[in-house]
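Reading through the structure tokens given below for one structure.
The values are calculated or read from the model by the stated rules, or taken from the named source; none is laboratory data. Only a predicted model underlies this, so the values are computations on that prediction, with no experimental measurement involved. Note that each Cβ is placed from the backbone with ideal geometry, even for glycine, and that neighbours are counted across all protein chains shown. Heavy atoms of the whole protein, side chains included, go into the accessibility calculation; ligands, DNA and RNA do not. Shrake-Rupley method; radii C 1.70, N 1.55, O 1.52, S 1.80 Å.
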Amino acid sequence: MMKPNASTQKLSPALTRIHEAAIGLFAEKGSSDITVSELAQAAGIARGTVYNNLESTETLFEEIATRLADEMLDRIVASFADIEDPAERLGRGMRLFVRRAHEEPNWGRFFNRFALTTASLQAVWTGAPMADVLTGMTSGRYALSAEQLPGVMALIAGAVLTAMLLVLEGHRTWRQAGTDAAELVLRALGLSCEEAREIANAELPPLPELEA
């Protein structure tokens, strides 16, 4: 297991419960504004417990968004420890997002709602994934030019979020949606149909856990 960064240090049980309730509320409302009463009711705790564990609900959305982005990136990067090929890394990373949306629907809905419009969540597309795309481009693995990078990152983000939505709404299984998204993106980046399909259907390991 890898060590978490500062934003993903282990939370107390009460704060974990509050965060989980807040994620569901933010996703349901499509808004970063929630009240202490809403949060207490959703978490099944007293208002006083919320006040004792949070400095303010006004900063809660950004705290959670930053935490979720950092945590997911840390875990995905850890899953790449045995992979050097940027195409294999991209295919695995995309599918891990889709599978997690199936396993944790509120997490998936939160990302689906806010991942394109919230700066801290946008790091999941512009951080490690961008570095891997650049590696694939400079090594000749991908048929891209530097001018196409913004469009490529938009393509990856759109494919992942659409696949997650298909899963959340019950239209596709996570395996079908994740595999299709990864294969189509890899083909768009210049891989052959056969290689893209092989990578997109490779065995998918569990997300590594972070150390407490």
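A few remarks follow.
- For the range 125-194, the helices (runs of 4 or more DSSP H) that sit wholly inside it and include 2 or more residues that are within 21 Å of Glu103 (Cβ to Cβ) and small (Gly, Ala, Ser) are 149-168, 174-188.
- The residues of the range 197-212 that are without any contact (Cβ under 8 Å) to a residue 40 or more places away in the chain and surrounded by 14 or more Cβ atoms within 10 Å (Cβ to Cβ), listed by number, are Arg197, Glu198, Asn201.
- Complete set of residues in the range 102-121 that are closer than 15 Å to Leu73 by Cα and either open to solvent by less than 70 Å² (accessible area, probe 1.4 Å) or at pLDDT below 85 (or both): Trp107, Gly108, Phe111, Ala115, Ser120, Leu121
- Filter result for Arg75 (of a type in the set (Lys, Arg) and open to solvent by less than 20 Å² (accessible area, probe 1.4 Å)): no
- Meets criteria (open to solvent by less than 20 Å² (accessible area, probe 1.4 Å) and of a type outside the set (Lys, Arg)) for Val50: yes
- Some residue of the range 80-93 being open to solvent by 30 Å² or more (accessible area, probe 1.4 Å) and modelled with pLDDT under 90: yes
- Hey, Glu63 open to solvent by 20 Å² or more (accessible area, probe 1.4 Å), under 21 Å from Gly24 (Cα atoms), among the charged types (D, E, K, R) and assigned to a helix (DSSP H, G or I) or not: yes
- Among the residues of the range 17-31, those identified as free of Cβ contacts under 8 Å to residues at least 40 places away in the same chain and either open to solvent by 50 Å² or more (accessible area, probe 1.4 Å) or among the aromatic types (Phe, Trp, Tyr) (or both) are Arg17, Lys29.
- Here Asp70 meets the list (1) surrounded by fewer than 20 Cβ atoms within 10 Å (Cβ to Cβ); (2) closer than 26 Å to Val167 by Cα almost entirely, failing just condition (1).
- Scope the range 144-153; condition buried (at least 17 other Cβ atoms within 10 Å of the Cβ) and at pLDDT 90 or above; matching residues: Val152
- Condition check for Arg141: open to solvent by 30 Å² or more (accessible area, probe 1.4 Å) and either at pLDDT 95 or above or on the phi > 0 side of the Ramachandran plot (or both): no
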